[in-house]
1. Can you tell me the dipole magnitude for region 13-102 around its Cα centre, using point charges on the Cβ only (Lys, Arg +1; Asp, Glu -1), in Debye to the nearest 20?
2. I need the calculated FRET efficiency for the pair A89 and A113, taking r as the beta carbon distance and R₀ as 41 Å, to the nearest 0.05.
3. Over the residues of region 49-120, compute the C-alpha Rg and express it relative to 2.2 N^0.38 Å.
4. Would you please give the FRET efficiency between I64 and L44, computed as 1/(1 + (r/R0)^6) with r the Cβ-Cβ distance and R0 = 35 Å, to the nearest 0.05?
Amino acid sequence: MEMETMAEGKRAAKRNATIAFFHKPQVTGKPFNIASYALLQRMLAHVTGFEPGHFIHTMGDAHIYSNRIEQVALQLSREPRPLPTLPLARKIGSLFDFRYEDFTFESYDPAPAIKAPVAV
């Protein structure tokens, strides 16, 4: 557990929500899964009063299908864009109380979509 030093010199546990997920390879679809779990982490942190902590992503059997090499190369050639923010304007006490209107991304600047064939 991470510790932070308080003003009095005492140590107290940080209250953060860390999330981990295991994923099979899917390079072109992975950003959507990462975004979904990051949103879940943000929601869990909000209802528990914690700060979002680490996002741990583990892959198994990582590989690239031969019919997606061009798309992967394009993704890797792109410069990362600034991340958007997700402010929540109201206090929400339960995961079941979130509404569509609660989510407003600010400074969202997505790159153009990359089309990839289904690997069969």
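1. Details: 11 positive and 7 negative charges, 32 e Å.
Roughly 160 debye for region 13-102.
2. On the way: r = 29 Å, r/R0 = 0.72.
Once rounded, the FRET efficiency stands at 0.90.
3. Details: Rg = 17.7 Å, N = 72, 2.2 N^0.38 = 11.2 Å.
Dividing the Cα radius of gyration by 2.2 N^0.38 Å gives 1.58.
4. Details: r = 32 Å, r/R0 = 0.91.
Once the sixth-power term is evaluated, E becomes 0.65.
Since every read-out is calculated from the coordinates, none of them should be taken as a lab result. Predicted model, so just to flag it, every value in this text is computed and none were measured. Heads up, the Cβs are rebuilt from the backbone with ideal geometry, glycines too, and the neighbour counts pull from every protein chain shown.
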